[in-house]
Each structure stands twice: as structure tokens, then as C-alpha cells.
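Just below is one structure, and these are the notes that go with it.
Please treat every number below as a calculation from the coordinates, not as lab data. Computed from a predicted structure; not experimentally measured. Positions of Cβ are generated from backbone atoms using ideal geometry, with glycine treated the same way; all protein chains shown enter the neighbour counts.
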Amino acid sequence: FEYWAHAASLVLTEDYPLHEIMMRNYGRGGSAGSKRLAEWVAANDEFRQYVLDELRARGPLRTGDFEDTTKVPWASGGWNSGRTVSYMLDYLWSSGQIMVARRNGLDRWWDLAERVHPAWLPAAGWDAAQVTYDAAQKSLRALGIGRERDIGRHFIERRYHNLGAVLKQHHKEELIVPVEVVGWPEQWYVHRDLMPTLDAIVAGDWQPHTTFLSPFDNLIRDRDRTELLWDFFYRIEIYVPAAKRQYGYYVLPILHGDTLIGRMSPRMDWKKQILTIEAIYLEATTKPYLKTGRAVIRTIKQLAKFLNAKQIDYGATIPDPWRKLLA
């Protein structure tokens, strides 16, 4: 189902108890923002009930299906200015009262949570200690290797309770294994479930491949960790004015084996079904070997097939030795 992890995400129904604690406490904190939200919801309680009644009678419904009858509009100079209905729906979603029943692109259909959840929904009501105990392990397994800082910034970011003490408990229970990363003084951990995988990698028993990473891929979303692990500086330039962009609008890092070797700037013309590779930028430490180029070009062709592109065009910024591979 759709909910908020470290960002708006598709999360596992099996993990419902890890997210339900946020739903239960949403808008009930002591911060100025929480108090302001609670006051706004209370002032618009009739509208809140109207939304729930409409969903109960006619749901699923889209945002545009609701009439704005709020007594107090949400005042914001930012993203939610003039979007009072959307903000109430966001509140009801964040607090677990409604859910996204289905979507078509950016268009979402809302319905009551009890009509969307499956019958086998796990029991909730966990406290913060239980959530942290379970979520920290999931975070570390997803990261592969991480410090306390990395674990805390992944999965349910900013919702871990007493994480340092929980990790000590995990270590005592032999759920996580302290490991040393040569040259880095901080304490790193690997979950015990991944130790066989680590042993296989050390023994050379793994299959490298080449792929492009979304700017939002969990592997690189923590930019500081990305720079530390791969010496790869990456920032999204979607919101940067075109004239000030260093690489492009929607640039994809290139993962080749266990190395981020560069980045690619693609553009898809959906009407003409043409995929244009505007540029391929290699890192200063990456040599433009033909073997590497073949792997990257092969992956571009796979991307084109996935997008149903009938043609691939290449811009001027392509490593020279690779141009012979474009025919």
C-alpha cells in the first residue's frame, strides 16, 4: 500500500505495524506544526466528516470529486497553497483513516482504509521500542552494510526510538555483526542474514551486471553515504534552472559491477517513440574501455525496449571510443 517511509513509497502490507504507529500519532505531537495541523483539522471537522461520508457512500473517489466546504482554508505560501481538499485528504491518509485504493499515473482514487486493507492485515498497536527493534533490522538488511547513522536515515527515517541502545541489543542477541571497513574508523554492521552473501562476495562468487539507477533509488538516496562508499557526488537537477544544470534534467547514475562509473542523461519523446541519450558522462577514474561501453550500450537498448522506443538517438557528449558501438 502507499504510505510514507523515508519518502512517499509503496510499503509492504506485512510491515503495517511499523507504519501504523505514525498513523496513530500523526498530528498529535507537541511541535508547532503538529499543533497548527490539529487546530486546522478541528476547525474543519465538518469537512473532515463530509469527506469520510462521501467515501463511505460513493468511494473510491478522486480528489476532484470533493467539494471544498472548509470553513478555514489551509494557509500556505508553499506546496499546499490553494489545495485545501488535497491537504485534508493528505491528513486522513497520513493518519490512516483513508488509503489509495488505486491510481492512474498521478491520479489517485481514495477510499476508507478498512475497505482497502486485506483481511489478513497484521495486528498493530506496537510501541516505539517494538517498531525500532524490527525496523532497524529491515533497514540494515536493505543497506547491506551500515553505521548507526545510515540505519537511522533509512526506511522509517526520523522515527527510530533509542536506536543506539537497540543496536547494542541486536549485537548482544547476535542479530547483527560488527564489521571493520578498512580506512573508516566508525563502527559498521552487517545483518547476520547477509553474512553468507558477504562470504560469497569475498570468495568472488557473485555476478556483476550493468544498470541505470533512478535518482530516487534507495542505493543512492543518502547522498553523503553515496559519496563515502563510491566517491560519487550526485544531486538531482530537476529543479535547477536549465542554464545552471551541470549534467541534465533527469540524470541516471551508471552502476557497472560494484562501481558507479558515470551518469547518463536520457530523454524520451513519447509521441515519436524516440529515446535520446543526450549525454554519457564518465567519472574521471573510469576508463572508456570497449567492454564497458558494450555493457552500457546493451543496457541502453534494454531501457529502450522497456519504454517501447522505436529508435535511439545519441547526442554529442558520448565517450569517443564508444561511438563505434552505436551502429
Which of the aspartates and glutamates could be linked to LYS168 by a straight reach, that is with a Cα gap under 20 Å, when you skip same-chain ones fewer than 8 residues away?
-> ASP127, ASP134, GLU148, ASP150, GLU157, GLU180, GLU186, ASP193
Rounded, prolate or oblate: which one fits segment 234-294, using the alpha carbon gyration tensor with axes a ≥ b ≥ c (rounded when a/c is under 1.5, else prolate when a/b beats b/c, else oblate)?
-> oblate
Crossing angle, helix 290-306 versus the chain [Cα axis fit, 0-90 degrees, rounded to tens] = 40
Three semi-axes of the equivalent ellipsoid, the chain, Cα gyration tensor, whole Å, largest first | 40, 30, 18
Rg and Dmax of segment 203-327, using alpha carbons, in Å: what are they?
-> 14.6, 48
Relative intensity, log₁₀ I(q)/I(0), of segment 64-169 from a Debye sum that treats every alpha carbon as a point, q = 0.20 Å⁻¹ | -1.04
Once normalised by the length of segment 2-116, the mean sequence separation of its alpha carbon contacts under 8 Å that are 6 or more apart gives a contact order in percent of 25
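Neighbour counts of other C-beta atoms within 10 Å: give me VAL41, VAL202 arranged from fewest to most. Please report the intermediate quantities before stating the final value.
Numbers: VAL41 18, VAL202 9.
Ascending number of Cβ neighbours within 10 Å: VAL202, VAL41.
Identify the chymotrypsin sites (Phe, Trp or Tyr not before Pro) of segment 181-232 meeting these criteria: DSSP loop state and at most 13 other C-beta atoms within 10 Å of the C-beta. Each step should come with its number before you reach the end.
Working: sites: TRP188, TYR189, TRP206, PHE212, PHE216, TRP230, PHE232; in loops: TRP206, PHE216, PHE232.
Answer by residue number: TRP206, PHE216.
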Cα-based radius of gyration of segment 137-183 once divided by 2.2 N^0.38 Å, which approximates compact folds | 1.11
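Can you tell me, using C-alpha contacts under 8 Å and at least 6 residues apart, the relative contact order of the chain as a whole percent? Mind dumping the intermediate values first?
On the way: 434 pairs, mean separation 34.1, N = 327.
Computed over the chain, the figure is 10 percent.
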Label-point gap, in nm, between ALA142 and SER94 - each point 7 angstrom along Cα→Cβ = 1.9
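Over 23 Å between Cα atoms: which of LYS272/LYS324; LYS291/LYS324; LYS138/LYS301 fall into that group? Don't skip to the answer; put the middle values down first.
On the way: LYS272/LYS324 25 Å; LYS291/LYS324 12 Å; LYS138/LYS301 34 Å.
Where the Cα-Cα span goes over 23 Å, the pairs concerned are LYS272/LYS324; LYS138/LYS301.
For segment 123-265, rounded, prolate or oblate, judged on the Cα gyration tensor with a ≥ b ≥ c (square roots of eigenvalues), a/c < 1.5 rounded, else prolate if a/b > b/c? Walk me through the numbers before you get to the answer.
Values: a/c = 2.30, a/b = 1.46, b/c = 1.57.
The shape class here is oblate.
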Return the aspartates and glutamates within reach of LYS310: Cα separation strictly under 18 angstrom, same-chain partners fewer than 8 residues apart disregarded; answer none if there are no such residues.
-> ASP269, GLU278
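Please identify every one of the trypsin sites (Lys or Arg not before Pro) in segment 137-226 that sits in a loop by DSSP and has no more than 15 other beta carbons within 10 Å of its own beta carbon. Show your work: numbers first, answer last.
Numbers: sites: LYS138, ARG141, ARG147, ARG149, ARG153, ARG158, ARG159, LYS168, LYS172, ARG192, ARG221, ARG223, ARG225; in loops: ARG147, ARG153, ARG158, ARG159, ARG221.
Answer by residue number: ARG158.
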Among GluC sites (Glu not before Pro) in segment 1-91, those in a DSSP loop whose Cβ has at most 12 other Cβ atoms within 10 Å are GLU67
For segment 128-202: relative contact order, % (alpha-carbon pairs under 8 angstrom, 6 or more apart) | 34
In the chain, taking the dipole from +1 charges on Lys and Arg beta carbons and -1 charges on Asp and Glu beta carbons about the Cα centre, the listed residue (PRO17, LEU92, GLY59) farthest towards the positive end is GLY59
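What Kirkwood hydrodynamic radius, in Å, does segment 21-125 give when the mean of 1/r is taken over all pairs of distinct Cα atoms and then inverted?
Working: mean 1/r = 0.0687 Å⁻¹.
It works out to 14.6 Å.
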Between ASP231 and LYS272, the two model label points (7 Å from Cα along the beta-carbon direction) sit apart by a distance in nm of 4.0
How much length is gained on full extension from GLN207 to THR63, taking 0.36 nm per residue of separation minus their Cα-Cα distance?
-> 47.2 nm
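If you put +1 on each Lys and Arg Cβ and -1 on each Asp and Glu Cβ, how big is the dipole of the chain around its Cα centre, in Debye rounded to 20?
Working: 43 positive and 40 negative charges, 240 e Å.
Roughly 1160 debye for the chain.
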Only residues of segment 302-327 count here: report those whose backbone N is under 20 Å from the spot 7 Å along Cα→Cβ of LEU290, or say none.
-> 318-327
Using 0.36 nm per residue of separation minus the Cα-Cα distance, give me the extension gain between ARG158 and GLU46 in nm, one decimal.
-> 37.1 nm
